[in-house]
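The values are calculated or read from the model by the stated rules, or taken from the named source; none is laboratory data. It should be emphasised that the depicted structure is a prediction, and the values quoted were computed from it without experimental measurement. Don't worry about glycine lacking a Cβ; one is built from the backbone with ideal geometry, like all the others, and counts go over all protein chains shown. Remember, those area values only see protein heavy atoms, side chains included, never the ligands or the DNA or RNA. Shrake-Rupley method; radii C 1.70, N 1.55, O 1.52, S 1.80 Å.
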Amino acid sequence: MRKQNGVGWLFASPYLLYAILFFAIPLVWSFYLSTTDWNLISPEYNFKGITNYIDVFRSPGVQAALLVTFKFMAVFVPLVIVMSMIVAAIVHGLPKFKGIFLIGFFLPYLASGVVSSFIVKGLLSYNSPLNTTLRGKFGMDIDWLGSPFAALCVVAVIIAWKFTGYYALILTSGFESINAEIYEAAAIDGANAWQRFFKITLPLLYPAIYTVIILSIGVTFGIFTEVYQLTGGGPDYATNTWQMEIFTQAFKNLQAGYASAVAIVASVVTFLSIFVIRKLLEMWGKRNGWV
(Lines give C-alpha, C1' and ligand atoms only; values in the text may rest on other atoms or scores of the structure.)
Protein backbone atom coordinates (compact mmCIF):
# COMPACT_ATOMS: atom_id res chain seq x y z
CA MET A 1 0.00 0.00 0.00
CA ARG A 2 2.79 2.43 0.86
CA LYS A 3 4.51 1.64 -2.42
CA GLN A 4 1.30 2.36 -4.31
CA ASN A 5 0.91 5.64 -2.42
CA GLY A 6 4.45 6.55 -3.36
CA VAL A 7 3.74 5.91 -7.03
CA GLY A 8 0.62 8.08 -6.79
CA TRP A 9 2.57 10.95 -5.21
CA LEU A 10 5.24 10.55 -7.91
CA PHE A 11 2.72 10.95 -10.72
CA ALA A 12 1.02 13.85 -8.93
CA SER A 13 4.30 15.63 -8.17
CA PRO A 14 4.50 17.66 -11.44
CA TYR A 15 1.11 19.24 -10.79
CA LEU A 16 1.88 19.74 -7.09
CA LEU A 17 5.16 21.43 -7.97
CA TYR A 18 3.39 23.60 -10.51
CA ALA A 19 0.71 24.57 -7.97
CA ILE A 20 3.33 25.46 -5.35
CA LEU A 21 5.51 27.51 -7.70
CA PHE A 22 2.80 29.33 -9.65
CA PHE A 23 -0.11 29.49 -7.20
CA ALA A 24 0.76 28.98 -3.53
CA ILE A 25 3.97 31.05 -3.41
CA PRO A 26 2.57 33.98 -5.49
CA LEU A 27 -0.59 33.96 -3.37
CA VAL A 28 1.35 34.22 -0.10
CA TRP A 29 3.63 36.87 -1.63
CA SER A 30 0.59 38.87 -2.79
CA PHE A 31 -0.87 38.79 0.71
CA TYR A 32 2.40 40.13 2.06
CA LEU A 33 2.73 42.84 -0.61
CA SER A 34 -0.84 43.98 0.06
CA THR A 35 0.30 45.11 3.51
CA THR A 36 3.20 47.21 2.18
CA ASP A 37 3.71 50.41 0.16
CA TRP A 38 5.96 48.82 -2.50
CA ASN A 39 6.07 50.89 -5.69
CA LEU A 40 7.26 48.10 -8.03
CA ILE A 41 10.66 49.74 -8.50
CA SER A 42 12.26 50.47 -5.15
CA PRO A 43 13.92 47.52 -3.36
CA GLU A 44 12.59 48.97 -0.10
CA TYR A 45 9.03 48.96 1.17
CA ASN A 46 7.31 49.77 4.41
CA PHE A 47 4.69 47.82 6.30
CA LYS A 48 1.25 49.49 6.22
CA GLY A 49 -0.98 46.85 7.78
CA ILE A 50 -4.57 47.03 6.58
CA THR A 51 -4.30 50.60 5.29
CA ASN A 52 -4.31 49.43 1.67
CA TYR A 53 -7.51 47.45 2.25
CA ILE A 54 -9.20 50.50 3.81
CA ASP A 55 -8.18 52.53 0.75
CA VAL A 56 -9.56 49.82 -1.55
CA PHE A 57 -13.07 50.12 -0.15
CA ARG A 58 -12.91 53.90 -0.46
CA SER A 59 -11.59 53.88 -4.02
CA PRO A 60 -13.99 55.08 -6.78
CA GLY A 61 -12.09 52.87 -9.23
CA VAL A 62 -12.77 49.74 -7.17
CA GLN A 63 -16.40 50.70 -6.63
CA ALA A 64 -16.74 51.20 -10.39
CA ALA A 65 -15.07 47.83 -11.07
CA LEU A 66 -17.58 46.07 -8.82
CA LEU A 67 -20.54 47.79 -10.49
CA VAL A 68 -19.16 47.32 -14.02
CA THR A 69 -18.63 43.61 -13.42
CA PHE A 70 -22.27 43.01 -12.58
CA LYS A 71 -23.45 45.30 -15.39
CA PHE A 72 -21.31 43.38 -17.82
CA MET A 73 -22.58 40.12 -16.37
CA ALA A 74 -26.18 41.22 -16.97
CA VAL A 75 -25.40 41.88 -20.65
CA PHE A 76 -22.80 39.23 -21.45
CA VAL A 77 -24.15 36.11 -19.75
CA PRO A 78 -27.67 36.10 -21.30
CA LEU A 79 -26.20 37.10 -24.69
CA VAL A 80 -23.58 34.36 -24.81
CA ILE A 81 -26.04 31.75 -23.49
CA VAL A 82 -28.57 32.55 -26.22
CA MET A 83 -25.94 32.70 -28.96
CA SER A 84 -24.26 29.44 -27.92
CA MET A 85 -27.65 27.75 -27.54
CA ILE A 86 -28.63 28.77 -31.08
CA VAL A 87 -25.32 27.57 -32.49
CA ALA A 88 -25.54 24.28 -30.59
CA ALA A 89 -29.13 23.69 -31.76
CA ILE A 90 -28.19 24.40 -35.39
CA VAL A 91 -25.14 22.13 -35.29
CA HIS A 92 -27.10 19.41 -33.50
CA GLY A 93 -29.68 19.45 -36.29
CA LEU A 94 -27.12 19.03 -39.06
CA PRO A 95 -27.12 15.60 -40.72
CA LYS A 96 -23.37 15.64 -41.45
CA PHE A 97 -20.10 17.43 -40.74
CA LYS A 98 -21.06 18.59 -37.24
CA GLY A 99 -17.44 18.55 -36.13
CA ILE A 100 -16.31 20.81 -38.96
CA PHE A 101 -18.96 23.41 -38.15
CA LEU A 102 -18.13 23.28 -34.46
CA ILE A 103 -14.45 23.86 -35.24
CA GLY A 104 -15.43 26.87 -37.35
CA PHE A 105 -17.46 28.38 -34.51
CA PHE A 106 -14.69 27.52 -32.03
CA LEU A 107 -11.95 29.37 -33.96
CA PRO A 108 -12.81 32.86 -32.54
CA TYR A 109 -12.02 31.48 -29.07
CA LEU A 110 -8.45 30.88 -30.27
CA ALA A 111 -8.14 34.34 -31.81
CA SER A 112 -5.95 36.92 -30.09
CA GLY A 113 -7.91 39.40 -28.03
CA VAL A 114 -5.47 42.12 -29.10
CA VAL A 115 -6.05 41.46 -32.81
CA SER A 116 -9.83 41.25 -32.53
CA SER A 117 -9.88 44.46 -30.46
CA PHE A 118 -7.85 46.34 -33.06
CA ILE A 119 -10.21 45.13 -35.81
CA VAL A 120 -13.28 46.23 -33.84
CA LYS A 121 -11.65 49.56 -33.03
CA GLY A 122 -11.12 50.14 -36.74
CA LEU A 123 -14.69 49.10 -37.59
CA LEU A 124 -16.10 51.50 -35.00
CA SER A 125 -13.82 54.46 -35.74
CA TYR A 126 -15.45 57.76 -36.72
CA ASN A 127 -14.69 57.47 -40.44
CA SER A 128 -15.31 53.73 -40.75
CA PRO A 129 -17.77 52.54 -43.44
CA LEU A 130 -20.25 51.57 -40.70
CA ASN A 131 -20.35 54.98 -39.05
CA THR A 132 -20.25 56.79 -42.39
CA THR A 133 -23.31 54.83 -43.53
CA LEU A 134 -25.15 55.41 -40.25
CA ARG A 135 -24.52 59.16 -40.42
CA GLY A 136 -25.23 59.52 -44.13
CA LYS A 137 -28.36 57.39 -44.49
CA PHE A 138 -29.88 57.28 -41.03
CA GLY A 139 -28.56 60.44 -39.38
CA MET A 140 -27.13 58.39 -36.50
CA ASP A 141 -23.87 59.62 -35.01
CA ILE A 142 -22.97 56.99 -32.42
CA ASP A 143 -19.84 57.30 -30.31
CA TRP A 144 -19.46 53.56 -29.77
CA LEU A 145 -16.49 53.72 -27.42
CA GLY A 146 -17.20 57.15 -25.93
CA SER A 147 -20.67 56.39 -24.59
CA PRO A 148 -20.70 54.48 -21.28
CA PHE A 149 -23.52 52.09 -22.19
CA ALA A 150 -22.41 51.61 -25.81
CA ALA A 151 -18.81 50.90 -24.77
CA LEU A 152 -19.98 48.29 -22.25
CA CYS A 153 -22.17 46.62 -24.88
CA VAL A 154 -19.36 46.63 -27.47
CA VAL A 155 -17.02 44.81 -25.08
CA ALA A 156 -19.79 42.37 -24.14
CA VAL A 157 -20.53 41.56 -27.80
CA ILE A 158 -16.85 41.01 -28.64
CA ILE A 159 -16.32 38.59 -25.76
CA ALA A 160 -19.66 36.85 -26.44
CA TRP A 161 -18.55 36.35 -30.06
CA LYS A 162 -15.28 34.91 -28.81
CA PHE A 163 -16.79 32.44 -26.33
CA THR A 164 -19.93 31.38 -28.23
CA GLY A 165 -18.20 28.55 -30.07
CA TYR A 166 -16.54 27.25 -26.92
CA TYR A 167 -19.80 27.13 -24.96
CA ALA A 168 -21.61 25.72 -28.00
CA LEU A 169 -19.32 22.68 -27.77
CA ILE A 170 -20.53 22.01 -24.23
CA LEU A 171 -24.18 22.54 -25.13
CA THR A 172 -23.88 20.40 -28.25
CA SER A 173 -22.63 17.50 -26.14
CA GLY A 174 -25.69 18.05 -23.96
CA PHE A 175 -27.99 17.96 -26.99
CA GLU A 176 -26.32 14.78 -28.25
CA SER A 177 -26.93 13.04 -24.91
CA ILE A 178 -30.72 13.49 -25.15
CA ASN A 179 -32.47 10.40 -26.47
CA ALA A 180 -34.48 11.21 -29.62
CA GLU A 181 -37.17 8.73 -28.58
CA ILE A 182 -38.22 11.11 -25.80
CA TYR A 183 -39.09 13.77 -28.38
CA GLU A 184 -40.95 11.22 -30.49
CA ALA A 185 -43.03 10.12 -27.51
CA ALA A 186 -43.81 13.74 -26.61
CA ALA A 187 -44.82 14.52 -30.20
CA ILE A 188 -47.18 11.53 -30.21
CA ASP A 189 -48.74 12.86 -26.99
CA GLY A 190 -49.39 16.18 -28.73
CA ALA A 191 -46.61 18.34 -27.30
CA ASN A 192 -45.69 21.27 -29.55
CA ALA A 193 -42.16 22.60 -30.14
CA TRP A 194 -42.21 25.06 -27.21
CA GLN A 195 -43.54 22.43 -24.83
CA ARG A 196 -40.88 19.98 -25.92
CA PHE A 197 -38.20 22.62 -25.38
CA PHE A 198 -39.31 23.67 -21.88
CA LYS A 199 -40.41 20.22 -20.68
CA ILE A 200 -37.72 18.04 -22.26
CA THR A 201 -34.76 19.95 -23.71
CA LEU A 202 -34.26 22.48 -20.93
CA PRO A 203 -34.46 19.98 -18.02
CA LEU A 204 -32.18 17.44 -19.73
CA LEU A 205 -29.81 20.18 -20.84
CA TYR A 206 -29.62 21.65 -17.32
CA PRO A 207 -26.14 20.21 -16.45
CA ALA A 208 -24.63 21.70 -19.62
CA ILE A 209 -26.42 25.02 -19.11
CA TYR A 210 -25.29 25.10 -15.47
CA THR A 211 -21.66 24.60 -16.58
CA VAL A 212 -21.86 27.29 -19.24
CA ILE A 213 -23.43 29.82 -16.87
CA ILE A 214 -20.75 29.29 -14.22
CA LEU A 215 -17.96 29.52 -16.81
CA SER A 216 -19.39 32.67 -18.36
CA ILE A 217 -19.77 34.33 -14.95
CA GLY A 218 -16.14 33.52 -14.22
CA VAL A 219 -15.17 35.27 -17.46
CA THR A 220 -16.80 38.53 -16.32
CA PHE A 221 -14.35 38.83 -13.44
CA GLY A 222 -11.26 38.44 -15.64
CA ILE A 223 -11.84 40.87 -18.52
CA PHE A 224 -8.79 42.91 -19.42
CA THR A 225 -7.44 42.73 -22.99
CA GLU A 226 -10.50 44.05 -24.82
CA VAL A 227 -11.09 46.81 -22.28
CA TYR A 228 -7.43 47.84 -22.28
CA GLN A 229 -7.26 48.00 -26.07
CA LEU A 230 -10.63 49.66 -26.73
CA THR A 231 -11.49 51.98 -23.84
CA GLY A 232 -8.75 51.88 -21.20
CA GLY A 233 -11.46 51.55 -18.57
CA GLY A 234 -13.37 54.64 -19.71
CA PRO A 235 -15.33 56.62 -20.36
CA ASP A 236 -15.66 57.78 -16.76
CA TYR A 237 -14.95 54.30 -15.32
CA ALA A 238 -17.81 52.84 -17.41
CA THR A 239 -15.70 49.81 -18.44
CA ASN A 240 -13.23 49.78 -15.55
CA THR A 241 -13.00 46.08 -14.69
CA TRP A 242 -11.16 44.48 -11.78
CA GLN A 243 -8.20 43.52 -13.96
CA MET A 244 -8.05 47.01 -15.46
CA GLU A 245 -8.01 48.57 -12.00
CA ILE A 246 -5.23 46.24 -10.84
CA PHE A 247 -3.17 47.03 -13.96
CA THR A 248 -3.68 50.78 -13.58
CA GLN A 249 -2.65 50.85 -9.94
CA ALA A 250 0.32 48.51 -10.34
CA PHE A 251 1.87 49.60 -13.64
CA LYS A 252 0.62 53.16 -14.21
CA ASN A 253 0.43 54.53 -10.68
CA LEU A 254 3.26 52.29 -9.44
CA GLN A 255 1.36 51.24 -6.33
CA ALA A 256 2.06 47.52 -6.38
CA GLY A 257 1.21 47.04 -2.71
CA TYR A 258 -2.17 48.70 -3.13
CA ALA A 259 -2.75 46.78 -6.38
CA SER A 260 -2.09 43.53 -4.52
CA ALA A 261 -4.80 44.49 -2.02
CA VAL A 262 -7.19 45.17 -4.92
CA ALA A 263 -6.33 41.76 -6.38
CA ILE A 264 -7.02 40.02 -3.06
CA VAL A 265 -10.38 41.79 -2.69
CA ALA A 266 -11.23 40.97 -6.31
CA SER A 267 -10.48 37.28 -5.66
CA VAL A 268 -12.74 37.22 -2.61
CA VAL A 269 -15.56 38.99 -4.48
CA THR A 270 -15.18 36.57 -7.40
CA PHE A 271 -15.30 33.51 -5.15
CA LEU A 272 -18.30 34.73 -3.16
CA SER A 273 -20.22 35.79 -6.28
CA ILE A 274 -19.72 32.46 -8.04
CA PHE A 275 -20.55 30.57 -4.83
CA VAL A 276 -23.84 32.45 -4.37
CA ILE A 277 -24.81 32.10 -8.04
CA ARG A 278 -24.01 28.38 -7.95
CA LYS A 279 -26.27 27.91 -4.96
CA LEU A 280 -29.08 29.85 -6.66
CA LEU A 281 -28.74 27.73 -9.80
CA GLU A 282 -28.78 24.53 -7.76
CA MET A 283 -31.88 25.70 -5.90
CA TRP A 284 -33.53 26.54 -9.22
CA GLY A 285 -32.69 23.09 -10.58
CA LYS A 286 -33.94 21.28 -7.47
CA ARG A 287 -37.15 23.29 -7.35
CA ASN A 288 -37.92 22.25 -10.93
CA GLY A 289 -36.86 18.66 -10.32
CA TRP A 290 -33.93 18.81 -12.74
CA VAL A 291 -31.27 17.75 -10.21
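Straight-line cross-link partners of K199 among the aspartates and glutamates, defined as a Cα under 19 Å from its Cα and at least 8 positions apart when in the same chain: E176, E181, E184, D189, E282. Using the alpha carbons alone, the radius of gyration of the stretch 15-99 stands to its Kirkwood radius in an Rg to Rh ratio of 1.26. Its Cα gyration tensor gives the stretch 156-233 an equivalent ellipsoid. The semi-axes, each the square root of 5 times an eigenvalue, are 36, 11, 10 Å from largest down. If the segment from K286 to T132 were pulled out straight at 0.36 nm per residue, it would be longer than the present Cα-Cα gap by 50.3 nm. Per-residue accessible area (protein heavy atoms, 1.4 Å probe) orders I20, I50 as I50, I20, starting from the largest.
Between the C-alpha center of the stretch 109-162 and that of the stretch 169-247 there is a gap of 23 Å. With contributions of -39500 (n - 2.57) from each DSSP H run of at least four residues, the per-residue ellipticity at 222 nm computed over the chain stands at -22500 deg cm²/dmol. The calculated P(r) of the stretch 207-291, using every Cα pair and 10 Å bins from 0, goes 16, 37, 27, 15, 5, 0 in percent.
Mean-square fluctuations from a GNM of the chain, with a 10 angstrom spring cutoff on Cα atoms, peak among I209, I25, I170 at I25. Summing Cβ point charges (Lys, Arg +1; Asp, Glu -1) relative to the Cα centre of the chain gives a dipole of roughly 440 debye. Computed from the Cα positions only, the extents of the stretch 62-128 along the three principal axes stand at 49, 30, 21 Å, in decreasing order. Binning the C-alpha pair distances of the chain at 10 Å intervals from 0 yields a P(r) profile of 6, 20, 25, 24, 17, 7, 1, 0 %, listed from the shortest bin outward. Percent of C-alpha pairs per 10 Å bin in the stretch 73-229, short distances first: 10, 31, 29, 19, 10, 2.
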